[in-house]
Amino acid sequence: MIILLSNDDGIHSDGIIALENSLQHVGEVYTVAPDREQNSMSHALTLHRPLRVLDMGPRRFAVDGTPTDCVKLALTGLLPVRPDLVVSGINKGPNLGDDIIYSGTVSAAIEGALLGIPAIAVSLVTFENFQFQVAAEFAATLVSRIQERGMPLETLLNVNVPPLPKEQIKGWRLTRQGKRHYSENIVERTDPRGKKYYWIGGDNLGFAHDDGTDCMAVHEGYISVTPLQVDLTNYKLLQESYVPSFNWP
Ligand code: MN
């Protein structure tokens with residue numbers, strides 16, 4: 001199995017190195033990742049300047065671009081082979097609920113799904129004392145299961161691992177996307193030349209305690225696995241005709 005590995009924390013992150021180590025037992029790993037941190041880049045694509053690729057050793061490439069740039073580049077010419085799977089992570093921090101929309105980690109996986117390759121995003125739910133071993137081990141197990149069973153087109157799995165020792169993790173759950181709460185915290189200050197500037201904050205104010213969600217599973221000590229799809233169509237609205245009907249023209 002050929003695996004393309006990427007992330008948004010950059011090629012030097014301990015999170016991606018942990019995945020390189022665990023996934024090399026499952027398949028042949030190619031790493032194509034940003035040359036520096038690219039957090040909260042969502043699905044940004046670099047179109048107005050060239051991209052440079054630095055060869056970092058056997059099957060390792062650093063790109064001066066976004067996570068999406070990395071996956072697109074890898075799958076459209078940089079790699080000599082077509083990967084069977086795209087894996088992104090392990091992210092330093094959660095990608096639960098609303099995080100998914102802003103996440104560069106998840107977007108790298110979405111790009112894989114868009115280009116017709118099954119994908120997984122893996123995140124460690126903590127902002128300190130990163131211990132990636134458990135998440136790396138779970139990712140390798142999940143990848144070997146996908147190797148056996150396959151995955152539908154245009155879907156990806158969003159995995160969030162609680163920061164617990166293996167023996168304290170209760171197992172894993174298939175979940176839906178939950179709802180996180182952030183403070184709408186914008187700092188307004190004045191720069192040395194007298195002009196105002198703004199800094200987007202957003203403290204973590206917890207999450208909606210809804211059963212079956214990614215947030216709830218991690219809160220209860222389970223690894224959360226959420227199947228996501230690239231198709232954003234609201235099928236409920238489509239089926240139930242919530243949009244009022246009118247004649248036009
Ligand atoms: Mn990140």
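Of all DSSP beta bridges in the chain, what percent run antiparallel (nearest 5)?
Here the antiparallel bridges make up roughly 35 percent for the chain.
Give me the net charge for the shell around S123: Cβ to Cβ below 14 angstrom, other residues only, Lys and Arg +1, Asp and Glu -1.
-4
A 29 angstrom limit on the alpha carbon distance is what I want to check against. Which of K72/K170; K92/K196; K179/K236; K72/K236; K92/K170 exceed it? List each step's numbers first, then the result.
On the way: K72/K170 36 Å; K92/K196 31 Å; K179/K236 19 Å; K72/K236 31 Å; K92/K170 21 Å.
From K72/K170; K92/K196; K179/K236; K72/K236; K92/K170, over 29 Å: K72/K170; K92/K196; K72/K236.
Ignoring everything except DSSP H segments at least 4 long, calculate the 222 nm mean residue ellipticity for the chain; use -39,500 (n - 2.57) per segment, divide by total residues, nearest 500.
My calculation for the chain gives -7000 deg cm²/dmol from helical runs alone.
Can you tell me the mean projection area, over all orientations, of the convex hull of the chain's alpha carbons? Units nm², please.
It is 18.5 nm².
How big is the gap, in Å, between the Cα center of the range 57-91 and the Cα center of the range 1-38?
When both Cα centres are located, 9 Å separates them.
Per the Kirkwood definition applied to all pairs of different Cα atoms, how many angstroms is the hydrodynamic radius of the range 152-249?
Value: 17.5 Å, from the Cα pair sum.
How far is it, in nm, from the label point at K166 to the one at N185 when both lie 7 Å from their Cα along the line to the Cβ?
3.6
Tell me the per residue accessible area of the chain using a 1.4 Å probe; a whole number in Å² is fine.
Each residue of the chain exposes 56 Å² on average to a 1.4 Å probe.
Of the options Q168, Q24, N185, report the single residue whose Cα projects farthest towards the positive end of the charge dipole of the chain (beta-carbon charges: Lys, Arg +1; Asp, Glu -1).
My answer, from the dipole projection, is N185.
Within straight cross-link reach of K166, meaning Cα distance under 20 Å, which aspartates and glutamates are found once same-chain residues fewer than 8 apart are removed?
Those aspartates and glutamates meeting the cut-off are D14, E20, E128, E137, D214, E220.
Note the full-extension length gain between R36 and D14 as 0.36 nm times their separation in residues minus their Cα-Cα distance, in nm to one decimal.
6.7 nm
Quick check: net charge around T68, other residues with Cβ under 12 Å of its Cβ, Lys/Arg +1 and Asp/Glu -1?
Numbers: positive: K72; negative: D8, D69, E111.
Neighbour charge sum, excluding T68 itself: -2.
If you place +1 on the Cβ of every Lys and Arg, -1 on the Cβ of every Asp and Glu, and leave all else neutral, what size is the dipole of the chain about its Cα centre, to the nearest 20 Debye?
Result for the chain is approximately 320 debye, rounded to the nearest 20.
Largest first and in whole Å, give the semi-axes of the range 32-148's equivalent ellipsoid, each being the square root of 5 times a Cα gyration tensor eigenvalue.
Working: eigenvalues 94, 63, 41 Å².
Over the Cα atoms of the range 32-148, the semi-axes work out to 22, 18, 14 Å.
Pick out, in residue order, every one of the GluC sites (Glu not before Pro) in the range 79-149 that is DSSP loop and has at most 14 other C-beta atoms within 10 Å; say none if there are none.
E128
Under a Cβ-Cβ cut-off of 15 Å, what is the net charge of the residues other than V86 that fall near it, where Lys and Arg count +1 and Asp and Glu count -1? Walk me through the numbers on the way to the answer.
Details: positive: R59, K72, R82; negative: D8, E20, E28, D69, D84, E111, E154.
After counting each charged neighbour, the total is -4.
Nearest 0.05, what FRET efficiency do W199 and Q131 give at R0 = 35 Å with Cβ-Cβ as r?
Given R0 = 35 Å and the Cβ-Cβ separation, E is 0.70.
The values are calculated or read from the model by the stated rules, or taken from the named source; none is laboratory data. Bear in mind that the values here come from a model prediction, so they are computed numbers and not experimental data. Note that each Cβ is placed from the backbone with ideal geometry, even for glycine, and that neighbours are counted across all protein chains shown. Calculation scope for accessible area: heavy atoms of the full protein, side chains included, ligands and nucleic acids excluded. Shrake-Rupley method; radii C 1.70, N 1.55, O 1.52, S 1.80 Å.
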